[in-house]
Amino acid sequence: MYCVYIPRYAGEDCQEYLKQHGYEVIAHEKDAEFDEDALKKCNAILLRAMPSVTEDVLAKAPDLKVVARYGAGYENVDIKACTQHHVWVTYCPTANYISVAEHALFLIMYCAKNMMYISRNFNSQNCRFEIRDMSLTDDLSGKTLCILGMGKVGRKLAEYAHALGMRIIAVDPYTDFSELNYVEKYPDKETALPKADFVSVNVFASDETKHYLSTKDFSKMKPTAYLINTSRGSTVSEKDLIDALQNKTIAGAGLDVFEEEPPHKENPLFSLENVVLTPHLAGATAQAIKRMGLYAAMSIDDVLSGRIPRWPLNKI
């Protein structure tokens, strides 16, 4: 019997699927580092955003055949090392992109409607009804959204924003989105950023996109513009962003991701009044969680049944 190791809780649906297909499942109910006995025994790992699969981990798992990422990101997997060890790596690119795009749109709306200010001043402790005359909000119709990265999330966000009457401009040198005739393609971020009222980061995390946005980019944005990041924290220099927010170089930000996760409670972002923060939950709707676990389990079954997995990141 093949053994599947789940080092960090990923829901009951994926476990049930694997058990129904005849696999032994070793699952930790709470967040955990890798257990060496489980690594020695397992043939598959169903992996969330932590811990990381490295050369050292692979050396401790001699019978491993597949690492299935629960989600669309894969920065915690050494794909090159996996390939050298003849281990498939899979991911779930279609499981949560709708959820993430919806959350990006939510953050855009939250910023446009100035909810950072309104929610602090109109509540059961501080019922300042007069703020309706002190706080202007914005229509999204007619505003310009710049999408950096036109993968599945970026494309879906463009669809949603277009339906609201927004002008969509986009930067992505690797993706063809010419069929989206309502999206204007820009050659680079330098020319696109000055045009935008909202900038949404939707690029994959990689060495190439580390600190993709920094001080020089924020200086090109309008002082009335907002930054939205539902991608990965590494794509934005957090220190530079904090400086831009404190100095009002840009109007504000909506962030679901951070350079350090979880962020330290003393992170300056928590004290800023022009920021809305959520704890990396954009892709974690009830529906997306089930899809991510199920799709990862399906990829494991593909490999252990001798089939080529449907969502591979490498080739064995």
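The values are calculated or read from the model by the stated rules, or taken from the named source; none is laboratory data. Here the structure is a predicted model, which is why all the values come from computation and not from measurement. Cβ placement follows ideal geometry from the backbone for every residue including glycine, while neighbour counts extend to all protein chains displayed.
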Since Cys14 meets every condition but one in (1) outside any helix (DSSP H, G or I); (2) touching a residue at least 40 places away in the same chain (Cβ under 8 Å), which condition does it not meet? (1)
I want to confirm something. Restricting to the range 180-215 and keeping residues that are among the polar types (S, T, N, Q) and either farther than 18 Å from Glu159 by Cβ or more than 21 Å from the chain's Cα centre (by Cα) (or both), which single residue is modelled with the lowest pLDDT? Ser206
Take Ile242 and tell me if it is surrounded by 16 or more Cβ atoms within 10 Å (Cβ to Cβ), at pLDDT 95 or above and over 30 Å from Ile45 (Cβ atoms). yes
Examine the range 46-54 for a residue that is within 20 Å of Asp301 (Cβ to Cβ) and either in contact with a Lys or Arg (Cβ under 8 Å, 6 or more places away or on another chain) or assigned to a helix (DSSP H, G or I) (or both), and state whether such a residue exists. yes
Any residue in the range 172-184 that is aliphatic (A, V, I, L, M) sitting within a Cβ distance under 9 Å of a residue that is assigned to a loop (DSSP other than H, G, I, E, B) and modelled with pLDDT of 95 or more? List the pairs, counting only those 6 or more apart or interchain. Leu180/Met150; Val183/Met150; Val183/Phe177
Just to check your reading of the model, which residue among Leu64, Leu47 is over 23 Å from Val203 (Cβ atoms) and modelled with pLDDT of 95 or more? Leu64
Identify, please: which residue in the range 126-157 is of a type in the set (Val, Ile, Thr) and more than 18 Å from Leu213 (Cα to Cα) and is, among those, surrounded by the most Cβ atoms within 10 Å (Cβ to Cβ)? Val153
